[in-house]
1. Testing ALA78 on (1) in contact with a strand residue (DSSP E or B) (Cβ under 8 Å, 6 or more places away or on another chain); (2) at pLDDT below 95; (3) not in a loop (DSSP other than H, G, I, E, B), one condition comes back false. Which one is that?
2. Within region 14-72, how many residues are among the β-branched types (Val, Ile, Thr) and open to solvent by 70 Å² or more (accessible area, probe 1.4 Å)?
3. Residue check, ASP3 against (1) open to solvent by 80 Å² or more (accessible area, probe 1.4 Å); (2) of a type in the set (Asp, Glu); (3) touching a residue at least 12 places away in the same chain (Cβ under 8 Å), all met but one. Which one?
4. List pairs: first residue in region 32-55 and farther than 13 Å from MET1 by Cα, second residue small (Gly, Ala, Ser) and open to solvent by less than 30 Å² (accessible area, probe 1.4 Å) anywhere in the structure, Cβ distance under 7 angstrom, at least six positions apart or on different chains.
5. With LYS67, LYS27 as the choices, which residue is modelled with pLDDT under 95 and basic (Lys, Arg)?
6. Restricting to region 2-39, count the residues that are among the acidic types (Asp, Glu) and within 12 Å of THR69 (Cα to Cα).
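The values are calculated or read from the model by the stated rules, or taken from the named source; none is laboratory data. Worth saying up front: this structure is predicted, and the values here are computed from it rather than measured. Here the Cβ positions follow ideal geometry from the backbone for every residue, glycine too, while neighbour counts run over all protein chains shown. These area figures cover heavy atoms from the full protein model, side chains too; ligands, DNA and RNA do not enter into them. Shrake-Rupley method; radii C 1.70, N 1.55, O 1.52, S 1.80 Å.
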Amino acid sequence: MKDILNKYCVKTFGVSGAIKEIGLVKKVAGRTIHVDWGMKVWIYQNKDFQWIPISKEELEAKYRKHKFTEEALKRAAALGIEVND
C-alpha cells in the first residue's frame with residue numbers, strides 16, 4: 001500500500017466521466033489512507049478506498065482539458081499538473 005503515497009486520485013461524475021475533484025494521497029497507515037482533496041483531507045479505511053491512484057504523468061496523459069470542471073482545473077494548476085487540450 002505504500003506505493004500509492006504521493007499519487008493522485010480523481011472523482012468523476014456523469015456519463016462523460018468529467019473530473020470534479022483531484023486528490024493527493026498524503027499518508028498511508030496500517031488501516032487508513034489519507035487523501036487531500038484541496039479544501040479537505042479525508043481519511044478512508046482501506047476497505048472503503050475506491051480509487052486507483054495514478055502518477056502525475058499518467059494523469060496528464062490520460063485526461064484532457066475538456067474533461068475537467070473549472071474547480072478541477074484550478075486544483076490541477078495548484079498541484080502543478082499540466083492539462084493538455
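1. It is condition (1) that ALA78 fails.
2. Looking only at that region, the number is 4.
3. Here ASP3 meets the rest and fails (3).
4. Cβ pairs passing all conditions: VAL35/GLY23; ASP36/GLY23; TRP37/GLY23.
5. LYS67
6. The total comes to 1.
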